[in-house]
Amino acid sequence: MKTYMVTGGAGFIGSNYILYMMEKYGKDIFIINVDKLTYAGNLENLASVSNEENYRFVKADICDSEAIGKIFAEYNIDRVVHFAAESHVDRSIKNPEVFVETNVLGTLTLLNHAKNAWEKSDGSYEEDKIFLHVSTDEVYGSLEKEGEFFYEKTPYDPHSPYSASKASSDFLVKSYIDTYEFPAMITHCSNNYGPYQFPEKLIPLIINNCLKGDKLPIYGDGLNVRDWLYVMDHCKAIDMVINNGKDGETYNIGGHNEKQNIQIVKIIIDTLNEILDDSDIRKKHINYDLITYVDDRKGHDRRYAIAPDKIKKEVGWEPSILFAEGIQHTVKWYLANEEWMSHVINKDYLDYYKKMYK
Ligand code: NAD
Ligand code: DAU
């Protein structure tokens, strides 16, 4: 039985990953979810597995060396799947410090403890240990020309404090691979969407605002492009990289699903109108008139697009969920989980929203 330490497991992708793994492997794995529960962490996401005997939650900050050391001392951890991060670009523009603390120093703390726990006296490592560092395509910067893609060898060119902090953490992981032959891999995924995503991010924010009849804020000209991937396809890719990938390697994850932001917003409006019953009074206000162009994000990257050739060839992963299907499922999930959203839309969120979109 393999023991997984999942950091940031109460966040959007981390909680989807834990649900995916518990469903796929049942009692054949043991998962320790290590999460500080920042504004983005939500244990409600994991209610269905919280009482399972092969799942534990430990509330801890990945920067807290003592707390992380204790977990490594208590459990024989085989895999670290490292999601924990400050993840929102807009917040990083307003308050970069915490991004450096968590994303850079937190990653270093985890690397040191995993290395200490796994390294043998001759400098080699215990068999079959792996540290999977979950990174982002944003470290590659912005694509300006049609037909260009991010490959694993694309030079780093981060622009936001968020992507700069993720790039720094990637370099630390790479340095541990090169210096200590530490058993790690890095993945760079494009934009995820799906259930349990915090409504500071474009897709859940637009769904929530539509339902409330609030304006739909679009930065700049709305023509920035993101490459959207359904979150479960990302979770599956991580599992396959751990099982089929090679130590020391980097893999890009994406599904060739580029869309302009304005297209995404219109698709959500159309999908809600398709799904909602004609008798639903919210239908009256859900239309394109809600779209409002607002000031652009500072340093806004124009386009991201992943070339997933390596992961397909070497790991055998391909996305399985088309955007048309994934967005239907996502919109339906938010409609069926309005209570989840009502808990997330607390005073902190409303204060953030007011400041951000004033
Ligand atoms: P999220 O913001 O939804 O969740 C982050 C989680 O980390 C939260 O549960 C939070 O409580 C926890 N956390 C934050 N600081 C912590 C700390 N100091 N110690 C312990 N836990 C802490 O993020 P997400 O969207 O699920 O992203 C997860 C990872 O995937 C991040 O590393 C992000 O860079 C990467 N990523 C995200 C996307 C995307 O589209 N969301 C795409 C590619 C890569
Ligand atoms: O590419 C991977 C990255 O995707 C991850 O590393 C990040 O953690 C994740 O947050 C996401 O970053 P983005 O900045 O691309 O996602 P976001 O949902 O914040 O924005 C998507 C696009 O929509 C972006 O071009 C900005 C725009 N946008 C966003 C918001 C919140 C708007 O036009 N209006 C908005 O209100």
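The values are calculated or read from the model by the stated rules, or taken from the named source; none is laboratory data. Just so you know, these numbers come straight off a predicted model, no measurement behind them. Here Cβ is always computed from backbone atoms with ideal geometry, including for glycine, and neighbour counts include all displayed protein chains. Remember, those area values only see protein heavy atoms, side chains included, never the ligands or the DNA or RNA. Shrake-Rupley method; radii C 1.70, N 1.55, O 1.52, S 1.80 Å.
Taking a ≥ b ≥ c as the square roots of the eigenvalues of the Cα gyration tensor of the range 75-192, is the shape rounded (a/c under 1.5), prolate (a/b larger than b/c) or oblate? Spell out each step's value before the answer.
Working: a/c = 2.47, a/b = 1.65, b/c = 1.49.
Prolate, since a/c reaches 1.5 and a/b exceeds b/c.
Could you list which residues have their amide H under 5 Å from that of I253, counting only those 5 or more apart in sequence or on another chain, with H placed in the peptide plane?
Here H188, C189, S190 satisfy the definition.
What percentage of the solvent-accessible surface of the chain, computed with a 1.4 Å probe over protein heavy atoms, is contributed by carbon and sulfur atoms? Each step should come with its number before you reach the end.
Numbers: 7820 of 15870 Å².
On the chain, the fraction of accessible area on carbon and sulfur atoms equals 49 percent.
Expressed in nm², what is the orientationally averaged projection area of the convex hull enclosing the Cα positions of the range 160-205? Present the calculation step by step, with values, prior to reporting the outcome.
On the way: hull surface 17.2 nm².
Over every viewing direction, the Cα hull of the range 160-205 projects on average to 4.3 nm².
Would you please name the chymotrypsin sites (Phe, Trp or Tyr not before Pro) within the range 42-96 that are DSSP coil residues with at most 13 other C-beta atoms within 10 Å of their C-beta? Display every interim value, and only then the final one.
On the way: sites: Y55, F57, F72, Y75, F83; in loops: Y75, F83.
Counting only loop positions with at most 13 other Cβ atoms within 10 Å, none of the chymotrypsin sites (Phe, Trp or Tyr not before Pro) in the range 42-96 qualifies.
Quick one: of K70/K347; K259/K354; K24/K347; K59/K313; K145/K312, which pairs are farther than 29 Å apart, Cα to Cα? Don't skip to the answer; put the middle values down first.
Values: K70/K347 34 Å; K259/K354 27 Å; K24/K347 37 Å; K59/K313 38 Å; K145/K312 24 Å.
K70/K347; K24/K347; K59/K313, as the Cα separations exceed 29 Å there.
What FRET efficiency, computed as 1/(1 + (r/R0)^6) with R0 = 41 Å and r the Cβ-Cβ distance, is obtained for K283 and E23, rounded to the nearest 0.05?
Working: r = 34 Å, r/R0 = 0.84.
Between K283 and E23 the formula returns 0.75.
Arrange the residues L105, L46 by how much accessible surface each exposes, largest first, with a 1.4 angstrom probe.
On the way: L105 90, L46 0 Å².
The most accessible residue leads, giving L105, L46.
Once amide H atoms are placed 1.01 Å from N in the peptide plane, what residues at a sequence separation of 5 or more from V294, or on another chain, have their amide H within under 5 Å of its amide H?
So V294 has HN proximity to I218, Y219, G220.
What span do the alpha-carbon atoms of the range 1-144 cover on each of the three principal axes, reported in whole Å from largest to smallest?
In descending order, the Cα extents are 44, 42, 33 Å.
Using only DSSP helix segments of four residues or longer, with each worth -39500 (n - 2.57), what per-residue ellipticity at 222 nm results for the chain after dividing by its residue count and rounding to 500?
Working: 11 runs with 133 residues, N = 358.
So the calculated ellipticity at 222 nm is -11500 deg cm²/dmol.
log10 I(q)/I(0), Debye, Cα-only the range 283-358, no solvent, q = 0.17, 0.18, 0.22, 0.25 Å⁻¹?
Normalising to I(0) and taking log10 leaves -1.16, -1.19, -1.18, -1.17.
How far apart, in nanometres, would the label points at N95 and K313 be if each is projected 7 angstrom from Cα along the Cα-to-Cβ direction?
4.4 nm
Per residue of the range 199-210, what does 6.51 cos²θ - 1.76 cosθ + 1.60 with θ = phi - 60° give for ³J(HN,Hα)? Whole Hz please, x for Gly and Pro, Karplus curve as stated.
x, 8, 8, 3, 5, x, 5, 5, 4, 4, 5, 4
Ordering L111, L19 by how much accessible area each has at a 1.4 Å probe, largest first, what is the list? It would help to have the intermediate numbers written out before the result.
Numbers: L111 0, L19 35 Å².
Ranking L111, L19 by accessible area, largest first, yields L19, L111.
What's the local net charge at L290, with K and R +1, D and E -1, over the other residues with C-beta under 9 Å away?
Details: positive: K215; negative: D214, D289.
Neighbourhood net charge equals -1.
Cα gyration tensor of the range 220-297, axes a ≥ b ≥ c as square roots of the eigenvalues: rounded (a/c below 1.5), prolate (a/b > b/c) or oblate? Present the calculation step by step, with values, prior to reporting the outcome.
Working: a/c = 4.42, a/b = 1.91, b/c = 2.32.
Verdict is oblate for the range 220-297.
May I ask you to evaluate 6.51 cos²θ - 1.76 cosθ + 1.60, the Karplus curve with θ = phi - 60°, for each residue of the range 152-160 and list the ³J(HN,Hα) values in order in whole Hz, giving x for glycine and proline?
4, 8, 4, x, 5, 7, x, 10, 9
Put K166, K266 in order of accessible area, largest first, 1.4 Å probe: what do you get?
On the way: K166 10, K266 80 Å².
Descending order: K266, K166.
Quick check for you: with a 1.4 Å probe and neighbouring chains kept, what is the accessible area per residue of the range 118-249, in Å²?
Details: 4880 Å² over 132 residues.
Heavy-atom SASA per residue in the range 118-249 reads 37 Å².
Which ³J(HN,Hα) values, rounded to whole Hz and listed in residue order, are derived for the range 53-62 from phi using the Karplus coefficients 6.51, -1.76 and 1.60 in 6.51 cos²θ - 1.76 cosθ + 1.60 with θ = phi - 60°, glycine and proline given as x?
The phi angles translate into 6, 9, 10, 10, 10, 10, 7, 7, 8, 5 Hz.
Restricting attention to the alpha-carbon atoms of the chain, what are Rg (one decimal) and Dmax (integer), both in Å?
20.1, 71
Compute the angle between helix 323-336 and the longest alpha-carbon principal axis of the chain, please, reported from 0 to 90 degrees and rounded to the nearest 10.
That works out to roughly 80 degrees.
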